[in-house]
Structures are given as C-alpha cells and as structure tokens.
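Notes to accompany the following structure.
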Amino acid sequence: MEKVIEFKNVSKTYPDGTQGLKHVNLSIEKGEFVVIVGLSGAGKSTLLRSINRLNEITEGEIVIKGNSITKAKGKQLLRMRRDIGMIFQNFNLVKRSSVLKNVLSGRVGYHSTLRTILGLWPKPDVALALSALDRVNIKEKAYSRADELSGGQQQRVSIARALAQEATIILADEPVASLDPVTTVQVLDDLQHVNQELGITTVVNLHSVDLAKKYATRIIGIRAGEVVFDGPVDEAVDKTFDQIYQRSGKEQGAEASGL
Amino acid sequence: MNLAKRRVAKLKLSLIILFFILIIWSASKQTGVSLVELFSNLSNMGALLVQMFPPDWSYFNYVTSAMLETIRMAVLGTTFGGIAAIPFALFASRNIVKTGWIAVPFRFVMNLIRTIPELLLAALFVPIFGIGFVSGIFALAVFSFGVIAKLAYESIEAIDNGPLEAMTAVGANKVQWIFLGVIPQVVAPYMSYFLYCFEINVRAATILGYVGAGGIGLYLSRTLGFLQYDRVMSIILYTFVVVLIIDGLSNRIREKLI
C-alpha cells in the first residue's frame with residue numbers, strides 16, 4: 001500500500017516546556033479511515049494540526065506522499081496544503097458569505113491571486129463546487145448565507161469545501177463535538193462515504209469510543225503525547241480503551257455510552 | 001476601628017467634592033464666566049432672536065450651490081480618507097500582521113492624526129492648497145482617515161479567527177487569505193463606520209468655510225459679519241434640514257447593514 005502520511009520521530013515542545021507530542025512514529029496509508037482517540041489535552045489536536053502545519057513541530061519530520069511538509073517553504077507548502085482538506089469543530093465558514101462562496105474558497109490554490117480575489121471563478125469550478133454540495137445533500141442551500149444554516153449543515157458545507165479542494169487527504173479535528181447525536185451520525189456518514197467512494201484518506205479526532213469503533217478502519221490511541229495504541233478497529237477491545245483513557249472498566253462504560 | 005474607617009471615607013468624599021468646586025471656580029474665574037452677566041444680558045439674546053425672524057426665505061436659493069458644495073466636500077473627503085484607511089487598518093491589526101512591531105508605526109501615525117481637529121487641519125491646508133473647497137476636502141479626508149482607520153482596525157482585530165485558519169488550511173496565499181477570510185467579515189462594519197464618518201463630515205463641512213476651506217461656512221461667517229441675522233437664520237435652518245435628512249438616511253442604511 002501507498003504511504004500517504006508519515007510521522008518520523010515527531011516531537012512538539014511548547015514554549016512553556018510542556019510536551020505536546022513525544023517521538024511519534026506513524027504511517028497512514030491511502031484510503032484508510034483513521035480515528036484518533038484520547039483524553040482532552042492528550043495531543044490529538046496537536047497531532048492532527050501538525051499534518052498540514054497549522055501547528056509547527058519542534059523535532060522530527062512529517063512526510064506527505066513522499067514530500068516533506070516539514071521542510072516545505074512558500075509556494076510548495078501552499079501546494080501541499082491545497083491537497084489536504086480540513087474540517088474543524090466550529091466549521092470555520094465565513095458566516096456572512098454564501099454557501100457557494102465558502103465552498104469555492106477551497107479552490108484558491110488552483111487559480112491566480114487576482115482571479116480569486118475578484119471572485120471570477122471559472123465555470124468548471126462552480127460546477128465542481130455545486131456537485132460537492134450535492135454529494136453532501138445540501139445543493140439547494142448553495143445561495144443561502146452560511147449563518148442561516150444549522151450546525152450540521154454548516155459542517156457539511158465545510159466537507160464540500162474540502163471536496164472542492166480535490167483533496168486527497170481529509171483531516172477532521174473534532175468534527176462532531178458541537179453537533180447533536182443525529183447530525184453527528186449524518187456528518188460522519190458523509191465523511192465515510194467520501195472516504196469509501198473517492199478513496200480520500202481520512203484522519204478524524206473523536207471523543208467518543210462508540211463512534212470511533214463504528215466508523216474507523218484503524219484506531220490510534222494517544223495518551224500524554226504518545227501513541228499507546230495503533231491497530232485495526234477489531235483489535236481495539238475495551239481493555240485498550242481503558243489503557244488510552246487511564247481508567248477502570250466501570251467508568252469506561254459510562255462515558256462510552258454518553259457520546 | 002470601623003468608625004475610624006468610615007470617618008476617613010467621609011473625609012475623602014468631602015475632599016473630592018471640594019476639589020471639583022475649586023476646579024470649576026478657578027476655570028470660570030480665568031475665563032471670566034459669570035452667571036450674573038448671563039442673566040442680565042438675556043434681553044440682548046431676545047433682541048438677536050427677534051432680528052433672526054422671519055428668516056430671509058429668498059436666501060435659501062442663493063446658498064443652495066454652497067450647500068451642495070458642502071455635501072460634495074463631505075462625500076469626497078470621506079471617500080478618500082476611507083480608502084486610505086483600509087491598508088493602514090490591515091497593517092495595524094495584530095491578527096493580520098503577525099510580526100508584532102510592524103503594527104507600531106501604523107498605529108502611531110493613526111493616533112497622531114486623530115489628535116488634530118478637522119478645523120485645524122483645514123486651517124493648515126488653506127495656505128497649501130489655497131482658499132476653496134479643495135482644502136476642505138483634504139482636511140476632511142485626513143480627519144476621516146483617522147476615524148475610519150481606528151474603528152476599522154479595532155473591528156478587524158475582533159473578527160472570528162476560524163475562517164482565517166480555514167483559509168490557511170486550503171493553501172491560500174496572504175493576499176487571498178485577506179480577501180477571502182478577512183474582508184468578507186469586516187465589510188459591513190467598515191461601511192457602517194464610513195457612513196457614520198460621512199455624517200460627522202457633513203456637519204464639520206458646514207463650518208470649514210470659516211477658515212476659507214469652502215462650503216456654506218463662508219456664507220455663515222459673512223452674514224454674521226454683516227449682522228444679517230435673518231440670513232444667518234436661513235443658513236442655520238438649511239443646515240439643520242440637510243443634516244437631519246443625511247443622518248436619517250445614513251442611519252437607515254447602517255441598520256440594514258448589521
């Protein structure tokens with residue numbers, strides 16, 4: 001299998017001395033649906049956000065499809081980011097802009113600066129954006145203002161933005177943490193469809209063990225900046241999660257059912 | 001113990017009150033303000049008001065072109081100042097320009113300019129650009145720049161960081177990042193400040209004529225000088241109506257924006 005994301009001895013030390021990541025070695029392959037689980041503050045976000053360098057690492061190297069993003073500079077870094085879609089907990093749409101404009105903003109890396117700032121999107125781009133919206137079932141909202149949509153719909157718009165980017169990797173940082181249980185399932189279903197139908201490698205941070213088990217093809221457990229579990233979903237038994245979450249079996253049952 | 005504390009607090013309060021009375025008394029002593037004079041001269045005020053009525057209705061027609069010039073000055077001054085304010089506001093915002101010290105000179109210039117009142121600016125520009133509305137436009141432009149740049153950079157610093165992060169993640173360069181992440185978030189507040197500044201400028205433009213910077217102020221100072229109080233009244237009424245209409249329109253638009 002083709003290695004898409006590789007962590008080579010990656011460490012992150014914050015200026016105040018706390019260690020976010022400790023000697024992480026991972027390799028994620030094409031088409032995997034990886035869910036990263038762990039306590040809040042364990043380093044899930046740091047790990048995910050270092051992949052497209054929203055966070056800088058202090059040691060080691062991250063390689064995307066054979067090219068080091070850690071060493072990438074200027075245009076090369078922008079090009080690499082263009083191929084990595086990102087979904088955020090708070091959707092991060094421009095609320096005052098239309099849904100379509102938000103989706104089209106995923107295309108900035110493909111055109112000249114002048115063209116994109118004037119909003120002169122070529123027809124094929126608009127078609128691509130609309131079909132991306134269609135894939136997540138909100139095409140009819142294309143011309144609504146983003147803040148008129150519900151949370152779940154906004155998160156689907158941000159998935160459409162990643163699709164419009166023609167990303168080969170999607171990173172999702174707690175994508176359902178601010179959604180209700182029903183829309184949570186819809187959004188994760190969307191991510192799963194995109195992963196299965198388009199073969200987009202997907203890495204998701206999740207709080208909930210149940211959801212991780214339901215959607216992941218592979219689970220990575222993080223505790224205090226270290227990878228403490230890494231394996232296919234059927235190898236992740238309750239004892240594994242106890243280890244990740246540092247707790248006894250009784251408590252685990254309570255939290256897992258509570259999303 | 002408690003009693004002593006209360007006594008100290010009481011003493012403090014009486015000292016503060018005494019201090020304020022002293023300030024007001026000394027200020028009025030220095031400037032020669034006297035309530036007695038105010039009331040003994042009330043009859044003069046009445047005489048002036050009598051002379052103001054009825055206003056010289058025919059004069060409205062005569063000063064209309066000057067009034068239109070006043071509005072044009074405000075429009076152009078606000079526009080030039082508002083446009084010049086955009087790059088300054090962006091460079092002064094710490095969430096846009098991450099290198100900390102770059103914002104410092106931009107903020108310094110903005111703060112410096114805001115300390116100068118528009119009438120003083122006009123008085124400075126008249127010797128440079130000559131008597132007339134051009135000086136007025138420049139004075140209003142500089143003044144608008146100060147107001148709009150300050151308000152705009154404060155609202156830029158308050159925008160939602162999320163979309164900016166998203167633009168970074170899609171691989172936008174800095175210019176795309178500003179135009180697609182920052183600008184859409186600040187267009188509405190910016191337009192609102194622009195209109196607010198325009199309202200201020202219409203009012204300011206009516207007196208700029210006093211220092212020779214064009215507009216209706218010239219006629220105001222002239223008629224006052226000639227003691228033509230009926231015409232003064234006409235100008236005051238005219239200004240009142242125009243300012244009222246412009247404020248009303250601008251407020252209506254600003255409500256729609258937000």
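The values are calculated or read from the model by the stated rules, or taken from the named source; none is laboratory data. Quick caveat: nothing in here was measured; it's all calculated off a predicted structure. Glycine gets a Cβ as well: all are built from the backbone with ideal geometry, and neighbour counts include every protein chain shown. Side chains are part of the model used for accessible areas, which takes the heavy atoms of the whole protein and leaves out ligands, DNA and RNA. Shrake-Rupley method; radii C 1.70, N 1.55, O 1.52, S 1.80 Å.
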Practice task
With a point put 7 Å past each Cα toward its Cβ, work out how far residue B:23 is from residue A:140 in nm, to one decimal.
Solution key: 6.4 nm
Completion exercise
Here the averaged projected area of the stretch B:2-51, based on the convex hull of its alpha-carbon atoms and given in nm², is 5.2 nm²
Handout entry: Within chain A, percent of DSSP bridges classed antiparallel, to nearest 5
Key = 55 percent
Completion exercise
Whole-percent carbon and sulfur contribution to the accessible surface of the stretch B:54-257 (1.4 Å, no ligands, DNA or RNA) stands at 72 percent
Exercise for the section: Normalise the Debye intensity by I(0) for chain A, one equal point scatterer per Cα, no solvent, then take log10 at q = 0.16 Å⁻¹ and round to two decimals. Expected result: -1.22
Handout entry: Between the stretch A:1-42 and the stretch B:139-155, the alpha-carbon center distance in angstrom
Key = 47 Å
Handout entry: Most fluctuating residue given options B:20, B:108, B:129, as computed from a GNM of chain B linking Cα atoms under 10 Å
Key = B:20
Practice task
Quickly estimate the mean residue ellipticity at 222 nm for chain A, helices only: each DSSP H run with n ≥ 4 gives -39500 (n - 2.57), and the total goes over all residues, rounded to 500.
Solution key: -11000 deg cm²/dmol
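In the stretch B:2-51, carbon and sulfur make up what percent of the accessible area (probe 1.4 Å)?
Its accessible area is 74 percent carbon and sulfur atoms.
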Practice task
Run through the DSSP bridge list for the protein assembly as shown and note the antiparallel percent, rounded to the nearest 5.
Solution key: 55 percent
Exercise for the section: Assuming R0 = 51 Å, can you tell me the calculated FRET efficiency for the pair residue A:210 and residue A:126, based on Cβ-Cβ distance, to the nearest 0.05? Expected result: 0.85
Handout entry: Accessible surface, per residue, of the stretch B:2-51 when the full set of protein chains is kept, probe 1.4 Å, Å²
Key = 98 Å²
Completion exercise
Computed for B with A: buried accessible area summed over both chains, 1.4 Å probe, rounded to 100 Å², at 1900 Å²
Practice task
Could you pull out every whole DSSP H run in chain B that spans at least 18 Å of Cα extent along its own axis and averages -0.5 or higher on the Kyte-Doolittle scale?
Solution key: B:2-31, B:58-92, B:133-157, B:183-208, B:229-257
Problem - Pairwise Cα inverse-distance average, inverted: Kirkwood Rh of the stretch A:98-224 (Å) - result: 15.4 Å
Practice task
With a cut-off of 18 Å, note down the residues of the stretch B:39-68 whose backbone N falls inside the zone around a label point 7 Å from the Cα of residue B:226 toward its beta carbon.
Solution key: B:51-67
Completion exercise
Rounded to one decimal in nm, the spacing of the 7 Å Cα→Cβ label points at residue A:19 and residue A:239 is 2.7 nm
Handout entry: Threshold 40 Å² - residues in the stretch A:86-101 whose accessible area is reduced by that much or more when the chain is no longer isolated, probe 1.4 Å
Key = A:92, A:94, A:96
Exercise for the section: Average the reciprocal distances over every distinct pair of alpha-carbons in the protein assembly as shown, invert the result, and give the Kirkwood radius in Å. Expected result: 28.1 Å
Problem - Percent of alpha-carbon pairs separated by more than 14 Å within the stretch A:105-162 - result: 56 percent
Problem - Sulfur and carbon atoms: percent of accessible area, chain A [1.4 Å] - result: 49 percent
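Helices from chain A with mean Kyte-Doolittle at least -1.0 and a Cα length along the axis of 15 Å or more, per DSSP H: which?
Values: long enough: A:123-135 (18 Å, 0.25); A:151-164 (20 Å, -0.23); A:181-198 (25 Å, -0.14).
For chain A, where a helix must reach 15 Å along its axis and average at least -1.0, the hits are A:123-135, A:151-164, A:181-198.
Expressed as a whole percent, how much of the Cα-Cα distance distribution for the stretch B:96-229 exceeds 18 Å?
64 percent
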Handout entry: Whole-Å distance, taken between Cα centres, linking the stretch B:81-122 and the stretch A:43-71
Key = 37 Å
Completion exercise
Expected unfolding gain across residue A:111-residue A:185 under the 0.36 nm per residue rule, minus the alpha-carbon gap, is 23.2 nm
Problem - Surface accessible to a 1.4 Å probe, per residue, for the residues of the stretch B:54-257, Å² - result: 46 Å²
Handout entry: At 1.002 mPa s and 20 °C, Stokes diffusion of the stretch B:1-156 via Kirkwood alpha-carbon radius, µm² per second
Key = 102 µm²/s
Practice task
Return the single residue from A:12, A:239, A:123 with maximal mean-square fluctuation; model: Gaussian network over chain A, springs between Cα atoms under 10 Å.
Solution key: A:123
